[in-house]
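Asks: A single structure is presented below for examination.
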Amino acid sequence: MRATLSGNNSLRSFTLNDKRLIAPLLLLFSYLVVPQLFGQVRITHYDGARLTWTNSIAPAAYKIETSTNLTRPWVELMSLPSTSEKTVTVDMPGTGEQMAFYRVVWSDAPVSNPVGTWIYEGYEGGSLTVRGTVAIASLQPFNSHLSFLAPAQPGSNHLIGEFSSQNGSFVGNTLRINLSNYQFSLSGQVAGDEMNGTWTRISGGIGFPTPTPPRIFSGTFRATRAP
């Protein structure tokens, strides 16, 4: 098994018999250097047949979702009953796809309201690289404004600048915002006045006559509701 990590990244990439697993975590954190936050889940093992994660909230119920492409919707693969165990291991069914992405979702988390302004911190490679704000004006229709300040460390792959997006959703406790023109997205869990998740940036994949190979950069973020 060959395992790779891209930056301070809640996306873990494993190559197993030509299959790749990229598994965002519930509340989407993967490193101990990021503060232990509300409801954190951390995937600790995957061998192509069994998936193991630890969590800080119990009892809790989880579901595993899959997608063949990070820009496409997630599909539920299995739903698990509530458990009081702090370490959970499940047998993974096959998807029949050569490449598949998986993530663990806390399915019975208390419902929260993301409308408002959030103080944002983006992490990459174990370090805080970007600060800013995420402002959600409304959910239906969806309307948001994102402001990312210059990176604290050179070489950050996080998007920088001011952006508005009407492409987003809030389902259960999961907030998603997509900036399609920049191939950048946020996906996170909202719990009270805290939001924890993953940012993803895709570059390349365009060009004529020969497109450049796409590259996926990702990291974690945390946000707290502004006073």
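Asks: Counting pairwise Cα distances across the range 116-225, what percent come out greater than 23 angstrom?
Replies: Numbers: 1548 of 5995 pairs.
For the range 116-225, the share of Cα pairs beyond 23 Å comes to 26 percent.
Asks: Enumerate the amide H contacts of A226 below 5 Å, restricted to partners 5 or more residues apart or on another chain; note that Pro and chain-start residues carry no placed amide H.
Replies: Result for A226 returns T117, W118, I119.
Asks: Moving to a separate point now. List the residues whose amide H sits under 5 Å from the amide H of V41, counting only those 5 or more places along or on another chain, with H placed 1.01 Å from N in the peptide plane.
Replies: When sequence neighbours closer than 5 places are left aside, the close amide H contacts are L26, L28, F29.
Asks: Could you calculate the FRET efficiency of A58 with A226 from 1/(1 + (r/R0)^6), where r is the beta carbon distance between them and R0 is 30 Å, rounded to 0.05?
Replies: On the way: r = 30 Å, r/R0 = 1.02.
The pair A58/A226 has a calculated efficiency of 0.50.
Asks: Here's a follow-up. Starting with the fewest neighbours, write out M92, M99, M195 ranked by other beta-carbon atoms found within 10 Å of each beta-carbon.
Replies: Arranged by neighbour count, lowest to highest, M92, M99, M195 become M99, M92, M195.
Asks: Another one. How large is ³J(HN,Hα), in whole Hz, for each residue of the range 71-87 in order, when computed from phi with the Karplus curve 6.51 cos²θ - 1.76 cosθ + 1.60 and θ = phi - 60°, using x for Gly and Pro?
Replies: 8, 9, x, 7, 10, 5, 9, 7, 10, 10, x, 4, 9, 9, 6, 8, 10
Asks: Collect residues whose amide H, placed 1.01 Å from N in the peptide plane, falls under 5 Å from the amide H of V130; neighbours closer than 5 in sequence don't count.
Replies: Residues meeting the amide H criterion: G122, A152.
Asks: Once phi is turned into θ = phi - 60°, what whole-Hz ³J(HN,Hα) does the Karplus curve with 6.51, -1.76 and 1.60 give for every residue of the range 103-115, x standing for Gly and Pro?
Replies: Karplus-based 3J(HN,Hα) across the range 103-115 equals 8, 9, 10, 6, 8, 10, 5, x, 6, 10, 10, x, 5 Hz.
Asks: So what are the ³J(HN,Hα) numbers for the range 173-180, from phi and the Karplus equation (6.51, -1.76, 1.60; θ = phi - 60°), rounded to whole Hz, Gly and Pro as x?
Replies: 10, 9, 9, 10, 10, 10, 9, 5
Asks: Multiply the residue separation of S164 and D47 by 0.36 nm, subtract the distance between their alpha-carbon atoms, and state the gained length in nm to one decimal. Working shown, then result.
Replies: Working: separation 117, 0.36 × 117 = 42.12 nm, distance 4.00 nm.
Contour length minus the Cα-Cα distance gives 38.1 nm.
Asks: I've got another one for you. Under the 0.36 nm per residue contour assumption, what length would be gained going from the current alpha-carbon distance of H145 and S180 to full extension?
Replies: On the way: separation 35, 0.36 × 35 = 12.60 nm, distance 1.40 nm.
Contour length minus the Cα-Cα distance gives 11.2 nm.
Asks: Based on the Cβ-Cβ distance from E85 to V111, what FRET efficiency comes out when R0 is 41 Å, to the nearest 0.05?
Replies: On the way: r = 24 Å, r/R0 = 0.58.
E(calc), rounded to 0.05, equals 0.95.
Every number here is computed from the coordinates shown, using simple stated rules; none is lab data. Given the structure is predicted, the values throughout are model-derived calculations rather than measurements. Quick reminder, even Gly has a Cβ in these numbers, built from the backbone with ideal geometry, and neighbours come from all protein chains shown.
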